[in-house]
Amino acid sequence: MEKGTWTVKTGLAQMLKGGVIMDVVTAEHAKIAEDAGACAVMALERVPADIRAAGGVARMADPDVILAIKAVVSIPVMAKCRIGHFVEAQVLEALGVDFIDESEVLTPADESHHVWKHDFKVPFVCGCRDLGEALRRIAEGAAMIRTKGEAGTGNIVEAVRHMRAVMGEIHKLANMPEEELMAESKAIGAPLELVLDVRRTGKLPVVNFAAGGIATPADAALMMQLGSDGVFVGSGIFKSSDPSARAKAIVKATTHHRDARIIAEVSRGLRAAMPGLDIKAIPKEELLATRGW
Amino acid sequence: MRIGILALQGAFVEHLGILERLGAEPVLVRLPVELEGLDGLIIPGGESTTMIRLMLEYELLQPLKDRAEASLPVMGVCAGMILLAKRVADSPLQSLGLMDMTVRRNAFGSQVDSFEADLDIPALGETPFHGVFIRAPVIEAANSTVELLARLDDGRAVAARQGRLLAAAFHPELGSDLRLHRYFLDMASGGPPVA
């Protein structure tokens with residue numbers, strides 16, 4: 001019997017596909033998310049919109065918050081550690097979380113290096129803006145990838161940009177002559193073996209979700225139609241007027257993402273979405289997606 | 001042979017590739033109308049609570065239960081096994097309730113206790129089957145009408161068959177061993193003798 005293998009790590013991500021992972025800050029939120037059909041929850045002290053508003057240093061959640069959430073749901077519980085903060089990751093593994101998100105939403109602990117994720121039995125998900133960043137994280141041991149988007153904005157534009165970048169680069173690799181792959185590997189800063197793997201299979205070697213800015217059922221379906229395997233919804237649910245109804249609608253739109261009649265139907269009567277932010281109005285140093293190397 | 005794959009959430013695409021390799025015609029099932037004309041159905045791994053909610057919302061649960069009770073062969077993997085069981089220990093979950101057994105969800109704990117292990121499954125031949133267990137359930141109790149097909153070294157049952165229904169706590173779709181899928185297709189075509 002072997003635990004913590006690459007197959008069981010990437011396998012859990014495969015089980016999450018087609019689903020919605022919701023940010024929750026209390027056990028009560030977690031229950032609402034599970035009842036709405038979330039395939040996992042992300043345990044946090046504050047949703048990204050509040051982290052953005054509060055400023056200061058954002059860290060791993062209080063273990064009591066994580067344990068309280070673990071106690072009330074049967075679906076997988078994820079939690080975030082700061083980029084490069086391998087001791088926060090060790091603590092989260094000891095608490096028995098099912099997945100760690102090494103996340104740019106928290107304040108980075110290391111501005112040069114990410115966690116060496118192969119050292120852990122618990123799987124990691126990491127953010128990316130393009131294929132090179134995705135493959136660097138996978139090489140470090142990430143068993144799942146999510147495009148970053150811009151968390152806490154309710155604005156889908158960055159999520160779309162990052163998903164199109166990843167998919168576009170995969171298509172480009174698939175059509176590239178072999179002799180150009182080494183230069184491409186150097187240009188995007190990704191290990192050659194993974195570049196060869198992506199070229200051969202035409203896809204990332206791990207599951208890829210979309211995150212950062214999903215606020216409506218149509219946003220979720222858009223990311224699915226662009227090629228995402230599932231979606232993370234952060235502030236979009238619990239910063240809206242009717243979280244339970246919106247959560248259920250986003251779950252249905254994710255499953256039936258190619259059925260516009262169903263998306264139309266579930267989008268009715270949801271009351272107000274979270275207020276959105278124009279990305280251009282955010283000072284450059286406050287952008288979260290640029291964190292990570 | 002047209003084999004449906006419940007495609008509400010989870011690892012359904014993995015089964016699609018395997019069924020194609022075995023020469024069956026896979027069909028993704030999300031709405032009741034897609035149950036028409038199937039010779040069998042696979043319920044994949046994923047989150048059972050998510051799948052049950054979506055089955056109820058889109059009125060898939062009762063038609064599927066009716067068809068399975070009539071004669072439709074069904075294979076359930078991990079979450080699919082939970083959906084097939086009549087009883088789920090310490091849980092109010094109610095779903096298809098087709099196989100006369102009690103299963104326990106997340107029987108091994110959280111993800112750090114997920115594992116791989118070789119299994120003796122006599123129904124599939126002498127070569128051990130490599131089982132991938134991810135936050136897996138186990139079969140805690142089963143009526144005598146349920147044939148237990150595989151056990152872990154500690155004796156806990158992890159695969160079972162009852163007539164045209166087949167359940168596994170592990171994930172054959174994550175490996176390259178196609179024997180369990182082939183066994184199911186044989187079952188669906190009336191191949192091996194019914195237990």
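Read the figures in this text as sums done on the coordinates, not as results from a lab. Quantities reported herein were computed from a predicted structural model and do not represent experimental measurements. As a convention, Cβ positions derive from the backbone with ideal geometry for all residues, glycine included, and neighbour counts pool all protein chains shown.
Couple of notes before you dig in:
- Loop-located GluC sites (Glu not before Pro) in region B:86-195 (DSSP state other than H, G, I, E, B) with a sparse environment of at most 10 neighbouring Cβ atoms within 10 Å: B:Glu126.
- Classification of the protein assembly as shown by its C-alpha gyration tensor yields a prolate form. The axis ratio a/c (a ≥ b ≥ c) is 1.5 or more, and a/b outweighs b/c.
- Distance from the Cα centroid of region A:135-150 to that of region B:89-121 is 30 Å (rounded to whole angstrom).
- Beta bridges per DSSP with both ends in chain B, % antiparallel, nearest 5: 50 percent
- Ranked B:Leu64, B:Leu8, A:Leu67, criterion: other C-beta atoms within 10 Å, fewest first: A:Leu67, B:Leu64, B:Leu8
- Candidate lysines for bridging to B:Lys65, where Cα separation is under 21 Å - those fewer than 8 sequence places away on the same chain excluded: B:Lys86
- Ellipticity at 222 nm from helices only: DSSP H runs of n ≥ 4 in chain A, each -39500 (n - 2.57), divided by the residue count, give -12500 deg cm²/dmol.
- Taking label points 7 Å from Cα along the Cα-to-Cβ direction, B:Arg151 and A:Met176 give a separation of 5.4 nm.
- Comparing Cα centroids, region A:6-63 and region B:47-65 end up 24 angstrom apart.
- For region B:52-135, the spread of Cα positions along each principal axis, largest first, Å: 39, 31, 21
- For region A:182-235 versus region B:129-191, the spacing of their alpha-carbon centroids is 33 Å.
- Cβ-based exposure ranking for A:Met15, A:Met78, in which fewest neighbours within 10 Å come first: A:Met15, A:Met78
- DSSP H segments from chain A that extend 20 Å or more along their own axis, Cα-based, with Kyte-Doolittle mean of -0.5 or above: A:157-174
- Of A:Lys9/A:Lys172; A:Lys148/A:Lys280; A:Lys252/A:Lys284, pairs whose Cα-Cα distance is over 26 Å: A:Lys9/A:Lys172; A:Lys252/A:Lys284
- Tail weight of P(r) past 31 Å, computed on alpha-carbon pairs of region B:2-188, percent: 8 percent
- By the Kirkwood approach, averaging reciprocal distances over each pair of separate Cα atoms, region B:78-195 gets a hydrodynamic radius of 14.4 Å.
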